[in-house]
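Data first, discussion second: the structure below is written as structure tokens.
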């Protein structure tokens, strides 16, 4: 017959599993940041290549075939008139706009320092949980008997953890875990009235903790 694992050993195993999951999540976050940076780099390289291929090339004048065209003298502005303005330089904002839109669509990325701090915070929380579980494992436990009611929780179910804590505190311990519970029906004195029809709210079922493992 195989021995069943105690609740404290199971708690320590769960704590170690949480530490492993926290480290795995941080590793996945770093991998996602690296992939996002790689995608941005590839997108910029693709936009640069596309923009370079689409820029117009300077037209090469055809050969003159020995015929010289007359020299055209630049027009001289009349004295006292405004100087001619230089032709407006064509701009190509398409590439810059496309890169800006690409960065706007990207999710906010954490810096390496923020990623390390997040990893350290998760590791500290997981280590604290493991330490608490190991402390509870090393702390001697005692099984006590008694009778403590399980209060009704907000969702309507009995809270036997609180009942176990109250039973253990009545024996001088700090907290406990319920081992054996019992249920009993409690009815009001109205059910003793002769000839009265019983209603649904005349009786209720109360749950009790009769045995708990205390620490």
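The values are calculated or read from the model by the stated rules, or taken from the named source; none is laboratory data. In this text the structure is predicted, and so the values were computed from the model without any measurement. Ideal geometry is used to build each Cβ from the backbone, glycine not excepted, and the neighbour counts take in all protein chains shown.
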Kindly indicate whether residue 201 is within 35 Å of the chain's Cα centre (by Cα) and either assigned by TED's automatic domain parsing to the domain that holds residue 13 or assigned to a helix (DSSP H, G or I) (or both).
-> no
From the set of residues in the range 128-145 that are touching a helix residue (DSSP H, G or I) at 6+ places or on another chain (Cβ under 8 Å) and modelled with pLDDT of 75 or more, which is surrounded by the fewest Cβ atoms within 10 Å (Cβ to Cβ)?
-> 141
Cβ pairs under 6 Å, 6+ apart or interchain, first in the range 161-187 and closer than 12 Å to residue 149 by Cα, second outside any strand (DSSP E or B), ordered by first then second residue, are 162/151; 163/150; 165/175; 178/160; 178/164; 181/160
Search result, residues across the range 157-176 that are more than 21 Å from residue 205 (Cα to Cα) and in a helix (DSSP H, G or I) = 168, 169, 170
List every residue pair whose Cβ atoms lie under 9 Å apart, where the two residues are 6 or more positions apart in sequence or sit on different chains, the first residue falls within the range 38-59 and is not assigned by TED's automatic domain parsing to the domain that holds residue 101 and in a helix (DSSP H, G or I), and the second residue, located anywhere, is surrounded by fewer than 10 Cβ atoms within 10 Å (Cβ to Cβ) and at pLDDT 70 or above.
-> none
